[in-house]
1. Could you size up the charge dipole of segment 691-780 around its Cα centre, putting +1 on the beta carbon of Lys and Arg and -1 on that of Asp and Glu, and report it in debye to the nearest 20?
2. For the pairs Lys525/Lys803; Lys679/Lys753; Lys771/Lys803; Lys457/Lys763, flag any whose C-alpha to C-alpha distance is greater than 21 Å.
3. Just how large is the dipole of segment 481-525 about the Cα centre, in debye to the nearest 20, putting +1 at every Lys and Arg Cβ and -1 at every Asp and Glu Cβ?
4. Using a Förster distance of 22 Å, how high is the FRET efficiency between Val154 and Gln83, based on the Cβ-Cβ distance and rounded to 0.05?
5. Of all the C-alpha pairs in the chain, what % are more than 52 Å from each other?
6. Treating the angle as unsigned and between 0 and 90°, give the value, to the nearest 10°, between the Cα long axis of helix 729-744 and the longest Cα principal axis of the chain.
7. Kindly work out what percent of the DSSP beta bridges joining two residues of the chain are antiparallel, to the nearest 5.
8. If ligands, DNA and RNA are left out, what is the accessible area of Val766 with a 1.4 Å probe, given in Å² to the nearest 10?
Amino acid sequence: MNIEIPELSLVVLVGVTGSGKSTFGRAHFKPTEVISSDFCRGLIADDENDQSATPEAFELLHYIVGKRLAGGRLTVVDATNVQPDARRSLVELAREHDVLPVAIVLDVPERVCIERNAARPDRNFGSHVIHRQQGQLRRSLRGLQREGFRGVHVLRDGDIANVAITRTRLYNDLRDETGPFDVIGDIHGCRAELEALLVELGYTIERDDYSRAVGAHHRERRAILLGDLVDRGPDTPGVLRLVMGMVAAGDAFCVPGNHENKLLRAMRGRNVLVSHGLAESLAQLEAEPAQFRAQVETFIDALISHFVLDGGQLVVSHAGLIERYQGRASGRVREFCLYGQTTGETDEYGLPVRYPWANEYRGRAMVLYGHTPVPAPEWVNNTMCLDTGCVFGGRLTALRYPEREIVSVPAAKVYYEPARPFPANPEAAPAVSHREPDVLDIGDVAGSRVLETAYQKRIGVRAENAAAALEVMSRFAIDPRWLLYLPPTMSPVATSTRPDLLEHPEQAFDAYRTDGVDAVVCEEKHMGSRAVLLVTRSLSESTARFGAPGDALGALWTRTGRPFFEPVLTAQLVDRVRAAAEQAGLFDELGTSWLLLDAELLPWSVKAEQLLRDQYAAVGAAARSSLPAAVAVLEQAVGAGRDVGELLARTSARRADAEAFTAAYRRYCWETDGLSGVKVAPFQLLASDGSAHHDRPHSWHLDIADRLVAQDAELVAPTRRQFVDTTDPSSVAAATAWWEELTAAGGEGMVVKPAANLVRGAKGVVQPGLKVRGREYLRIIYGPDYTEAANLDRLRQRNLAHKRSLALREYALGLEALDRVARGEPLWRVHECVFAVLALESEPVDPRL
């Protein structure tokens, strides 16, 4: 015997004591899915049979069940549940969380239950208890469906051992359908416009012997119809015939609108008010054959309230859907899908005032809907209304998913005069009250949060880290309208096995070869500070896209979002890079008005001047003053026959280390005057208008950088590189020799990256880069005497796992931010990711790594 239950449901086991509910639950469900009243009683009173703890135990049971259902997890309640009141509270709990309640009844003979309980020493109640429960069960069997259970399965004693349970997906769960899709707004009987739009989208229309459109097909895409196919327009039957044919052929999905719901009730003889175009539909359908009308009735009745598609990234319904209803099944979910949410008020035209749910939407999924006509579609918090009033003389509109491209055709005429005036000209539309896309809210980033990205599914941010990021962002960061991206921390290479080195290229090549990455690029690591540079083409374009804070053409910021320079010097640098990009033809070639560049800013002292003065220079000064004098005194003592030779050797070594330390940090500092002496070394074009460029190979990015160098070599520094085949020993040897040459000449080292840029391996996204720093540069990081054998042995225990995890999480967040920028999502959506990167920087990790 097979029992089908929805994979998201509340399963209520019903049966008298001793009927085998717990055994059944263990056999068919995960241990974590079954919540037992006995277990909860034990948690409360340390005794599962302490009946005095029953009220508190059921409070706990309901709390746990509620939390599981809120998280979208199937839950099984193991209790007798033979009393209507006990079941009623569980049905209400299921409704509260919009899941389907299912009853599985174990109808076991009374004598069997008595025998089982007699064999259990912890069950010391009499047989009269079982007899009473059996009577309650008998009285309940016929009324379980009336109580609200969507499925009732009664198992007799002989059936229980042979039961198999199958979990079925909800009808609205189409997460395995990934698209691409063409999502079409309200049609309202405008068949000609629907056909024109489908042709515009690339579909081929099929017709029957009477030249009626009966279907459409597309080899690669499918349409999604958002309901309100009927009423008001000139050809409701023609629209239905076409849509029904497409759905039947697998070329389309369709959700119901409120007009379909009303039409169905009218066709079934219900008492409905014939208004808002229903009369036209009924008259048009009356002229059709009875068989067609029956097909229409069956089609509408089978429509599902909403669909969740593409792994949960897309939700479609007629009137929209808030996040907690997505993928759920209940009467109120269907009500919301059909009618949306109203305030209970009516406007001056007698129409209900819609509650602006989209203004408050913060869900991960894109929601596409119709229902309330708008002059032109616009994004509001990752939602879009596609009803552009075709029947009122507007347009019929589709959104191509995932491309986010709007395609529309104009209405041939005004077919129906709306109760509320509908502006055919979008510019004449009244202002809609909603949150502006550039308005940020502390609620978007405060507290513990979990962000989902296309690169790592779930990335958590702790509340305390968010608070630290908020402090930095609010006090020190540049204007948030510029702040589209923060670069991730970078993982160092695995610790070298060579006796005198902490880092060496061979570990980087080995790591990428293990990840299946054969082609890598080694980029010179500039002795500067990581910088992000945003450059716009003109002030007008800066104003249109970013609001041009301070009438600026762009901005330059650090890894923590702080400005490097005061505004005047920043403006000079931005304008120089803008001019170089213009002369290189980048704006025209990329079809963009702005460029976002990842770069290094030199010298290091631009950012670290105070650090160098207060910390590193102090060490160097100490080396220059005290250590030479100490060496001289010890040499005199040795000459006088004192036994201080070992101390002299240690002090001389400290003096040499300190001098090497001073030489190392001096390489990173030089005098600057305005922009004179300043260098910017771009190595990646992160994004431009409508595009994020992490899918392009590093060779393309470095070519962009070279073109900027060619136009302004005084300001823009080149990034030297070597392309390496990790499977070719000679190629690896040549790159290693190049690194040795760089570091011997005082260079910081290099970064090894997958040549293809973004790469996914067997375990997910591969590290975007591994830094391999030189022996002398690391003196600045670990101190003058870090190369002593004892210190090197201690430093080899570097615990890199957390740093690597942090680098990947920040990388994923950065890519997600760039994707959202490219898609034109609201600034708050971009800042979710940018802010999370800054918050992760507060995680405890060795800053020297």
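1. Values: 11 positive and 11 negative charges, 91 e Å.
Taking the Cα centre of segment 691-780 as origin, the dipole is about 440 debye.
2. Working: Lys525/Lys803 19 Å; Lys679/Lys753 23 Å; Lys771/Lys803 12 Å; Lys457/Lys763 13 Å.
In this structure, Lys679/Lys753 lie more than 21 Å apart at Cα.
3. Numbers: 4 positive and 8 negative charges, 58 e Å.
Dipole about the Cα centre, nearest 20: 280 debye.
4. On the way: r = 17 Å, r/R0 = 0.79.
Given R0 = 22 Å and the Cβ-Cβ separation, E is 0.80.
5. Working: 128519 of 359976 pairs.
When every Cα pair of the chain is considered, 36 percent fall beyond 52 Å.
6. Roughly 60 degrees between the two axes.
7. If we restrict to bridges inside the chain, about 60 percent are antiparallel.
8. Using a 1.4 Å probe on the heavy atoms, I get roughly 10 Å².
The values are calculated or read from the model by the stated rules, or taken from the named source; none is laboratory data. Computed from a predicted model, the values in this text were never measured in an experiment. Ideal geometry is used to build each Cβ from the backbone, glycine not excepted, and the neighbour counts take in all protein chains shown. For the accessible areas, the whole protein counts, side chains as well, though only heavy atoms, and no ligand, DNA or RNA atoms are used. Shrake-Rupley method; radii C 1.70, N 1.55, O 1.52, S 1.80 Å.
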